[in-house]
Each structure stands twice: as C-alpha cells, then as structure tokens.
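The values are calculated or read from the model by the stated rules, or taken from the named source; none is laboratory data. As the structure is a computational prediction, the values presented were derived from the model and not from experiment. Cβ placement follows ideal geometry from the backbone for every residue including glycine, while neighbour counts extend to all protein chains displayed. Keep in mind that these areas ignore ligands, DNA and RNA; they rest on the heavy atoms of the full protein, side chains included. Shrake-Rupley method; radii C 1.70, N 1.55, O 1.52, S 1.80 Å.
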Amino acid sequence: MIRIGELLVQQGKISERDVERTLLAQSEMGDRFGQVLVKLGLVSEQDVALALSEQLEIPLHPASEYPQEPVTVDGVAQEFLVNNLVVPVAADDSGVCFAAAIPQDPFLAKALSMALDRPVTIVLGLESDIARAQQLRLQESEEGDDDGTLGDQFAGQSDDDFIEHLRDLASEAPVIRLVNQLIHRAVDMGASDIHIEPFEDGLQLRYRVDGVLQEHADTPTAGLGQAIASRIKLLAQMNIAERRLPQDGRIMIRVKGHELDLRVSTIPTVHGESIVMRVLDRGNIRLSLSDMGFSDDTLTRYRKLLDSPHGVLLVTGPTGSGKTTTLYASLASLDSERLKIITVEDPVEYQLQGVNQIQVQAQIELNFARALRAILRQDPDIIMIGEMRDTETAQIGVQSALTGHLVLSTLHTNTAAGAITRLEDMGVERYLITSAVNGVLAQRLVRTLCKHCKSPLELTSDAVQRYGLAPFIHTAQPTVYQARGCEHCLQTGYAGRTAIHELFCLDEAIHRVIMSGADATLLHAAARQQGMITLYEDGLRKVVRGETSLEEVMRVTQDQSESGASEAGADAA
C-alpha cells in the first residue's frame with residue numbers, strides 16, 4: 001500500500017523535505033502522520049483526508065451530507081464516540097453508518113458491531129466535521145438536562161473546584177476542536193477579527209472580512225459559551241475564573257502555514273463573556289509603501305515628507321483604517337542601518353528588523369510620555385509614537401521634532417486638516433504646530449472589487465456630474481464597475497482592500513491660515529486651494545481605474561462624499 005506521504009508528494013501538495021520534517025516531528029509529538037502535517041501547517045485537513053480516502057479506498061463523507069439533527073443510536077456511549085472521533089451519520093433497518101477520523105482502526109468496527117448487534121458501515125470523515133456533529137449531540141443533551149440557570153452548575157463549589165471545573169470544560173475534545181475550527185475558518189475567510197457574543201437565545205459568531213462583519217450560520221449554542229470562553233482564556237494565559245472584569249491576552253499559533261498572532265479581549269455582558277480575537281497574520285503583512293494603495297502623485301509627496309530630517313508627520317483615520325500598517329511600511333522604507341529608529345507602541349504588532357520597539361506597560365507606568373522622555377536620551381534619528389493620546393505625549397512629540405528628530409505618529413481625526421485643531425485641543429500652541437508639523441496623511445480602507453465577478457456599469461452624464469467624476473474620466477462613454485458576488489468572494493462582490501489617501505502638506509500659505517485661527521473647515525478649504533486631493537476624490541480615481549465601486553467609496557467617505565461631489569462638480573463646470 002502506498003504511503004500517504006508519497007501520495008501527497010505525487011499530488012504536489014508537499015515535498016520530500018516536508019515528509020522528512022514531518023516524520024521527525026511525529027517522533028516527538030506521537031500523533032498520526034496526517035495530523036502532524038496539518039498541525040505543521042503544510043497541508044489542509046481536506047488534502048490529508050482526500051489522500052487517506054484514496055489510500056484506504058474508503059469514501060470521504062462530505063460535510064453537506066451530515067444530518068441536520070443528531071442520529072440517535074442506543075447502545076453506544078457518547079464518551080466512546082468522542083474518544084474515538086466517530087459519529088453516526090445515518091441509520092436504518094439495514095444498519096448504521098458512522099463517519100470516523102480513523103476508519104482503518106479494526107477495533108472501531110468490531111466494537112460498534114458488538115455494541116449494536118447490527119451491521120456497521122464506516123466512512124472517512126474530517127475531524128472538524130465530526131467535531132461539529134458531536135457538538136450537535138452535546139448541545140441536544142445539554143438542552144435536555146438544562147433547567148435554565150447557567151450558574152447552577154457551579155453552585156456549592158469552592159473556588160478551587162470552580163476553577164478545576166472550568167479547566168475540565170476547556171479540555172474537552174469537542175470544545176478544543178470547536179475553538180480550533182473557529183480560528184481555521186478565520187484564516188480561510190481572510191478575517192481580521194472573530195466576534196463571539198453571548199445572547200439569551202445562543203451565541204452569535206461573526207467574522208470581520210475586509211472591514212465588514214459577516215455572521216456565520218454555523219453558530220454554537222449558549223450552552224457551550226462558558227466552555228469556549230474558558231478554552232480561549234487558557235490559550236491566551238488569562239484568568240479563567242474571572243468573569244466579572246474585562247481581560248486582555250495574546251495567543252501565538254501556527255495555522256495552515258500562517259503564523260498568527262491573536263489579540264484576545266473579553267468583556268462581561270448580561271448573558272456571559274463577549275470575546276473578540278483580532279487576527280494578525282504575520283505572513284501576509286505588506287511592508288512596502290508601493291503596496292499601500294498610494295496614487296503616484298500622493299506617494300511622491302509622502303516620500304518627500306519622509307525624507308525630511310526633522311518634523312512631525314501624522315497619519316489620521318478611524319480605528320481599523322490601516323494607520324499603523326502605513327507607519328510600519330514607512331519605517332521599513334527608511335535606512336535602519338544608517339538611522340537610529342525607536343518606536344513606542346501599544347501593542348507592538350509586528351517586529352521590524354533593525355528598529356528598536358518599546359511596548360507600553362501601563363501596569364508599571366511605562367506610558368507613551370515616560371517612554372518618549374527616555375527615548376530622547378538614546379540619540380534617535382526617527383521616533384514613531386503609536387498614538388498621540390494625551391496632552392503630554394503630543395507636547396513631547398512636538399518638542400522632539402523641534403530638536404531635530406523626525407516624529408511619526410497617528411491621531412484619531414476624520415480629515416487631515418482636523419489633525420491641526422486636534423493638536424490645538426490637546427494643548428499644543430499654533431506657533432509650535434506651524435514650526436513642527438510637516439504634513440498630515442488621512443487614510444481609509446476600501447474594499448476592492450472581486451476580479452472574477454465585477455461587472456461594467458455605464459454612467460450617464462448626469463451621474464458623472466452628480467458624483468464629481470468629470471475631472472477623472474477622459475472617455476466619451478464613461479464606464480465604471482460594480483460588485484456582483486460569486487463563490488470566490490463569499491457572494492459579497494469584494495475581495496481584499498486598498499487604501500485611499502488625503503495628504504495635507506503644511507507650506508507657508510497654510511501656516512498663515514493656521515496662525516489666523518482658522519478652524520478645520522477653513523483649513524480644509526485652504527488645502528483644497530493648494531491642490532490637495534481629498535479622500536473622496538482619491539476614491540473616485542480608484543473607481544475610474546476599476547479597483548473599487550462608487551458605493552464602497554461613498555460608504556467609507558460618507559462625511560466627505562456630498563461636499564466632495566459638489567466641489568468636483570463645480571470645478572468641472
């Protein structure tokens with residue numbers, strides 16, 4: 001019989017070197033060869049199952065054919081099914097069909113036949129599919145035993161017994177597989193966050209894909225909420241017994257060849273603990289400015305600001321708009337061998353070669369301001385501040401720029417011009433702003449159209465004027481693209497994201513406007529007169545190029561789309 005490793009090599013799934021590595025790891029881990037391959041992230045569970053099906057000549061039971069309701073079989077204990085990774089999938093007068101992760105086990109078929117005294121058929125099943133079916137059986141039994149009070153299961157227990165009970169919950173095989181399945185699904189979907197939210201009628205499971213939350217239909221019931229929370233807390237090295245206070249943790253894991261850094265946050269709600277896991281895929285981060293979605297003219301001016309020997313360069317936008325990634329790409333574009341670069345971050349998301357990165361530690365009072373004061377004694381050339389959150393941090397950052405350092409940082413403002421008034425609100429004088437700040441980059445992320453299903457849309461002349469597209473369209477019959485939806489993009493019409501930018505450069509004319517006491521609206525108008533391309537207009541340029549849709553740009557720039565369209569329309573007129 002040909003070995004499963006040889007089959008996968010023949011299919012081009014792995015190399016001979018991968019087989020050697022897996023055999024070495026198998027000697028230490030003790031698991032089956034296929035299991036070790038999946039754990040190492042070399043192949044998917046599906047690839048191993050298909051190869052095993054071919055090797056054993058046993059059909060693979062597809063996920064779509066698992067029963068919606070658990071198949072009841074008397075005479076076989078639930079514990080036996082869980083321990084042996086087997087679940088009944090069909091039963092009739094002719095016998096019972098079981099799906100098993102290890103169908104070649106001779107003990108399995110013999111034990112089931114003796115227990116049932118009926119013919120037994122065993123097919124191959126994915127561990128994740130079997131775990132899901134076992135979860136259904138577990139939920140059904142819990143619902144039959146539940147009296148409606150979740151807290152009663154812990155009644156009368158001491159603190160030690162309570163903690164031990166939580167550890168037992170988190171160590172059950174179905175729960176472990178379920179949590180692993182949640183993480184694997186996030187990788188498959190390209191999700192940036194996993195949301196597990198308890199409600200009265202059950203758990204709500206949602207994934208944030210390309211910045212938009214998507215609810216998943218295959219959601220566990222509320223009965224498993226405590227077990228799932230305990231499992232995630234154990235992995236994140238959090239206090240599993242504390243359910244009344246918010247907690248933060250971190251999980252480092254390798255899934256399907258991806259090095260994942262999961263940032264875990266829990267908060268108590270009336271129905272249990274709400275958990276959010278932010279998924280940082282270290283292998284997929286793009287640290288090149290040319291891959292950040294910059295338009296050519298904006299990138300040229302931004303690089304010029306980066307080459308300044310001193311001053312403050314700010315990146316603004318809401319949470320999740322890619323500000324930190326842009327700063328990382330900016331630092332990666334600099335010569336770290338020739339320059340001393342130090343960052344202060346909360347948290348340090350990605351480690352950069354040749355860059356000194358400081359993690360803020362609030363519990364020992366190592367905050368942004370305190371770290372900045374220490375950094376200035378380290379003879380830095382470039383300082384990156386994760387976020388200007390308070391007056392002290394902003395003032396030290398500005399003073400650092402005035403003493404010959406290039407300071408990069410982020411602010412939470414809606415527009416680039418709004419960063420100036422935000423600094424003033426934080427106590428930085430206007431004359432210091434004009435002396436220190438070189439420029440402000442506002443950024444948003446827009447979803448890019450799926451290349452498999454995007455469809456052309458011809459615009460009327462009225463639509464061109466209404467949306468302000470006239471300055472960017474140079475053809476007689478203007479055509480843009482719209483989202484449709486297909487299997488490649490989960491029926492959303494979008495796959496991946498790119499950035500749109502608004503770069504506000506502070507020159508002498510802008511300095512005079514700032515010193516005159518202008519508010520954010522007047523500053524924005526002055527910047528427009530100096531030729532600044534707004535977020536909305538930069539989005540329109542990407543619409544014309546077929547990268548994204550009008551609907552997506554307007555969704556992301558709601559605060560600017562109307563004014564941007566009217567300004568652009570006036571310019572075109």
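Some points to look at:
- Residue match in the stretch 470-480 (condition: over 22 Å from the mean Cα position of the chain (by Cα) and either assigned to a strand (DSSP E or B) or at pLDDT 90 or above (or both)): yes
- Single residue of the stretch 426-459 satisfying the filter (assigned by the TED database to the domain that holds His501 and open to solvent by 70 Å² or more (accessible area, probe 1.4 Å)) that is farthest from the chain's Cα centre (by Cα): Tyr431
- Yes/no for Gly546 being at pLDDT below 95, within 26 Å of the chain's Cα centre (by Cα) and outside any helix (DSSP H, G or I): yes
- Among the candidates Gly569, Gly493, the residue that is small (Gly, Ala, Ser) and at pLDDT 90 or above is uniquely Gly493.
- Test: Leu37 is open to solvent by less than 20 Å² (accessible area, probe 1.4 Å), farther than 13 Å from Gly125 by Cβ and not in a loop (DSSP other than H, G, I, E, B): yes
- Residue pairs meeting the criteria (Cβ under 8 Å; at least 6 apart or on separate chains; first among the charged types (D, E, K, R), in the stretch 70-95; second at pLDDT 80 or above): none
- Taken together, the residues in the stretch 307-320 that are touching a residue at least 60 places away in the same chain (Cβ under 8 Å) and open to solvent by 10 Å² or more (accessible area, probe 1.4 Å) amount to 6.
- Gly439 at pLDDT below 90 and touching a Phe, Trp or Tyr at 6+ places or on another chain (Cβ under 8 Å): no
- Residues of the stretch 258-275 that are open to solvent by 80 Å² or more (accessible area, probe 1.4 Å) and in contact with a Lys or Arg (Cβ under 6 Å, 6 or more places away or on another chain): Glu259 alone.
- Looking only at the stretch 483-513, residues that are open to solvent by less than 40 Å² (accessible area, probe 1.4 Å) and in a strand (DSSP E or B) come to 9 in all.
- Index of the failed condition, Thr22 passing every other in (1) free of Cβ contacts under 8 Å to residues at least 40 places away in the same chain; (2) open to solvent by 50 Å² or more (accessible area, probe 1.4 Å); (3) under 39 Å from the mean Cα position of the chain (by Cα): (2)
- Counted as qualifying within the stretch 321-425 are the strands (runs of 3 or more DSSP E) with 1 or more residues that are of a type in the set (S, T, N, Q) and open to solvent by 50 Å² or more (accessible area, probe 1.4 Å), namely 356-359.
- Every condition in (1) in contact with a strand residue (DSSP E or B) (Cβ under 9 Å, 6 or more places away or on another chain); (2) surrounded by 20 or more Cβ atoms within 10 Å (Cβ to Cβ) holds for Gly468 except the one numbered (1).
- The numbered conditions (1) without any contact (Cβ under 8 Å) to a residue 24 or more places away in the chain; (2) open to solvent by 50 Å² or more (accessible area, probe 1.4 Å); (3) out of contact with any Phe, Trp or Tyr (no Cβ under 9 Å at 6 or more places or on another chain) are all true for Arg278 except (1).
- Filter result (out of contact with any Lys or Arg (no Cβ under 9 Å at 6 or more places or on another chain) and in a loop (DSSP other than H, G, I, E, B)) within the stretch 295-320: Asp307, Ser308, Pro309, His310, Thr319
- Of all the numbered requirements in (1) more than 20 Å from Val187 (Cα to Cα); (2) surrounded by 18 or more Cβ atoms within 10 Å (Cβ to Cβ), Val255 misses one, and that requirement is (1).
- Pair list, Cβ < 7 Å and 6+ apart or interchain, from the stretch 105-120 residues that are surrounded by 14 or more Cβ atoms within 10 Å (Cβ to Cβ) to residues that are part of a helix (DSSP H, G or I): Val120/Ala109; Val120/Leu112; Val120/Ser113
- Of everything in the stretch 53-99 that is in a helix (DSSP H, G or I) and of a type in the set (Ser, Thr, Tyr), the residue that is modelled with the lowest pLDDT is Ser64.
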